[in-house]
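Novice: Take this structure, written in structure tokens, and hold onto it; I'll ask about it next.
The values are calculated or read from the model by the stated rules, or taken from the named source; none is laboratory data. Model, not experiment: these values are computed from the prediction. Cβ placement follows ideal geometry from the backbone for every residue including glycine, while neighbour counts extend to all protein chains displayed. Heads up: the accessible areas ignore ligands, DNA and RNA and are worked out on the full protein's heavy atoms, side chains in. Shrake-Rupley method; radii C 1.70, N 1.55, O 1.52, S 1.80 Å.
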Amino acid sequence: MARLRDCLLRLTVTIRSLLFWSLVYCYCGLCASVYLLKLLWSIGKGPAQTFRRVAREHPPACLNDPSLGTHCYVRIKDSGLRFHYVAAGERGKPLMLLLHGFPEFWYSWRHQLREFKSEYRVVALDLRGYGETDAPIHRENYKLDCLITDVKDILDSLGYSKCVLIGHDWGGMIAWLIAICYPEMVMKLIVINFPHPNVFTEYILRHPAQLFKSSHYYFFQIPWFPEFMFSINDFKALKHLFTSHSTGIGRKGCRLTTEDLEAYIYVFSQPGALSGPINHYRNIFSCLPLKHHMVTIPTLLLWGEKDAFMEVEMAEVTKIYVKNYFRLTILSEVSHWLQQEQPDIVNKLIWTFLKEETRKKD
């Protein structure tokens, strides 16, 4: 009888795995077809405009603004990779480590670099493959295990054993994983617009709305084509993400200046600059769900209600995975780009969380 149960269990797991991967590949094909139609439509309207690309040789001045901090580099001994980060605040103060999302880089934390340097050594990192950080060629170099190890190695290289860890979007995913795998490294966890990874993987399979909102995860599984689609029309897709009515920063928020937007385009228009960031997504389906998933440190989750990529219900469900103090704040009429759109409110909420005494749940 026990042997029969084991066989049925293995069969169930195999069937679920087949169904999952069938869904992934079918949706990949569907997304590729949709984007191919968009490309053909763009070419039909104006081929010259479609393939137009402005050369950008020099960074905009805002990327070298001294008020944001100092540009630094560190080479990790084990991986051999050189990481770029911007640091503000005095050495020796408690470390606040900031992990950006996609398609962002250290500059998305400019408001936080200025705000928290009075009491913290604030470090905004360019993740593996982004900006001035080294970008390995092969997609296998972007597995979640590698990204987690990067953060651990960075912490060691900076001379710290603990930090306040803040992550947004994909950086939020990494922050959750660091808190799960290395809780001793994190004093407090702050995540912006990304649910616990298990909530994300379970929710996306059960709710078509989230499956649709996460279509880029599937599209990014395809080789080279996503990079090409991002670059056409002089990176129109990148501009659209930050400025459009559907996905961009809300009307009441601090909208990106022309120079801010040019900073993003400059970074991602460099040769090969899109492959590393998109490679982050090309391993995700083989790494989730997690075997170990409980978070045991105080956690703050901030969420923009009008997030075009994440259903707000996932934020509520996340609390079941945090076996410690957990606070969720949902900001109405705010988009996915929370820390850039409403920096004053976000900074105030972070200060409150950092200064309050938190106690573990019974």
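Novice: Tell me which residues, restricted to the range 23-70, are surrounded by fewer than 12 Cβ atoms within 10 Å (Cβ to Cβ), at pLDDT 95 or above and not aliphatic (A, V, I, L, M).
Specialist: Asn64, Pro66, Ser67, Thr70
Novice: Does Lys162 satisfy the criteria of being touching a strand residue (DSSP E or B) at 6+ places or on another chain (Cβ under 9 Å), modelled with pLDDT of 95 or more and surrounded by fewer than 20 Cβ atoms within 10 Å (Cβ to Cβ)?
Specialist: yes
Novice: Any residue at all in the range 138-149 that's among the aliphatic types (A, V, I, L, M), touching a Gly at 6+ places or on another chain (Cβ under 7 Å) and touching a residue at least 12 places away in the same chain (Cβ under 8 Å)?
Specialist: The answer is no; no qualifying residue exists.
Novice: Could you please give the count of residues in the range 109-123 that are out of contact with any Asp or Glu (no Cβ under 9 Å at 6 or more places or on another chain), part of a strand (DSSP E or B) and farther than 21 Å from Asp260 by Cα?
Specialist: Final tally of qualifying residues: 0.
Novice: I'd like to check which helices (runs of 4 or more DSSP H) are fully inside the range 178-290 and have at least 1 residues that are within 27 Å of Asp344 (Cβ to Cβ) and at pLDDT 90 or above.
Specialist: Filter on the range 178-290 gives 225-243, 258-268.
Novice: Next question, about the same structure. I need the full set of residues from the range 236-254 which are of a type outside the set (S, T, N, Q) and touching a residue at least 40 places away in the same chain (Cβ under 8 Å), in order please.
Specialist: Result: Leu238, Leu241, Phe242, Gly248, Ile249, Gly250, Lys252, Gly253, Cys254.
Novice: Being closer than 22 Å to Ser275 by Cβ, open to solvent by 70 Å² or more (accessible area, probe 1.4 Å), modelled with pLDDT of 95 or more and part of a strand (DSSP E or B) narrows it down to one of Tyr73, Tyr85, so name that one.
Specialist: Tyr73
Novice: Let me ask another. If you take the residues of the range 168-188 that are out of contact with any Gly (no Cβ under 8 Å at 6 or more places or on another chain) and open to solvent by less than 10 Å² (accessible area, probe 1.4 Å), which of them is nearest to Phe309 (Cα to Cα)?
Specialist: Leu177
Novice: Could you grab the pairs with beta carbons closer than 7 Å, sequence gap of 6+ or different chains, first residue in the range 44-67 and under 20 Å from Leu261 (Cβ atoms), second one assigned to a helix (DSSP H, G or I) and of a type in the set (Lys, Arg)?
Specialist: Matching pairs, first to second residue: Ser67/Arg114.
Novice: Only one residue in Arg114, Arg110, Arg75 is free of Cβ contacts under 8 Å to residues at least 12 places away in the same chain and in contact with a Leu (Cβ under 8 Å, 6 or more places away or on another chain), so which one is that?
Specialist: Arg75
Novice: Quick check on my filter: what residues within the range 292-316 are aliphatic (A, V, I, L, M) and either assigned to a loop (DSSP other than H, G, I, E, B) or at pLDDT below 95 (or both)?
Specialist: Across the range 292-316, the qualifying residues are Met294, Ile297, Ala308, Met310, Val312.
Novice: Given the criterion in contact with a helix residue (DSSP H, G or I) (Cβ under 9 Å, 6 or more places away or on another chain) and either open to solvent by 10 Å² or more (accessible area, probe 1.4 Å) or of a type in the set (Val, Ile, Thr) (or both), identify the matching residue among Glu104, Glu119.
Specialist: That would be Glu119, the only listed residue that is in contact with a helix residue (DSSP H, G or I) (Cβ under 9 Å, 6 or more places away or on another chain) and either open to solvent by 10 Å² or more (accessible area, probe 1.4 Å) or of a type in the set (Val, Ile, Thr) (or both).
Novice: Among the residues in the range 337-355, are any in contact with a strand residue (DSSP E or B) (Cβ under 8 Å, 6 or more places away or on another chain), surrounded by fewer than 17 Cβ atoms within 10 Å (Cβ to Cβ), without any contact (Cβ under 8 Å) to a residue 40 or more places away in the chain and hydroxyl-bearing (Ser, Thr, Tyr)?
Specialist: No, the range 337-355 contains no residue that is in contact with a strand residue (DSSP E or B) (Cβ under 8 Å, 6 or more places away or on another chain), surrounded by fewer than 17 Cβ atoms within 10 Å (Cβ to Cβ), without any contact (Cβ under 8 Å) to a residue 40 or more places away in the chain and hydroxyl-bearing (Ser, Thr, Tyr).
Novice: Based on this model, can you work out whether Leu113 counts as aliphatic (A, V, I, L, M), over 24 Å from Tyr218 (Cα atoms) and modelled with pLDDT of 95 or more?
Specialist: Considered against the rule, which asks whether it is aliphatic (A, V, I, L, M), over 24 Å from Tyr218 (Cα atoms) and modelled with pLDDT of 95 or more, Leu113 comes out as yes.
Novice: When residues of the range 302-328 are filtered for being farther than 21 Å from Leu256 by Cα and open to solvent by 30 Å² or more (accessible area, probe 1.4 Å), how many remain?
Specialist: 12
Novice: Considering every residue within the range 278-285, establish whether at least one is more than 30 Å from Arg139 (Cβ to Cβ) and either in contact (Cβ under 8 Å) with a residue 60 or more places away in the chain or among the hydroxyl-bearing types (Ser, Thr, Tyr) (or both).
Specialist: no
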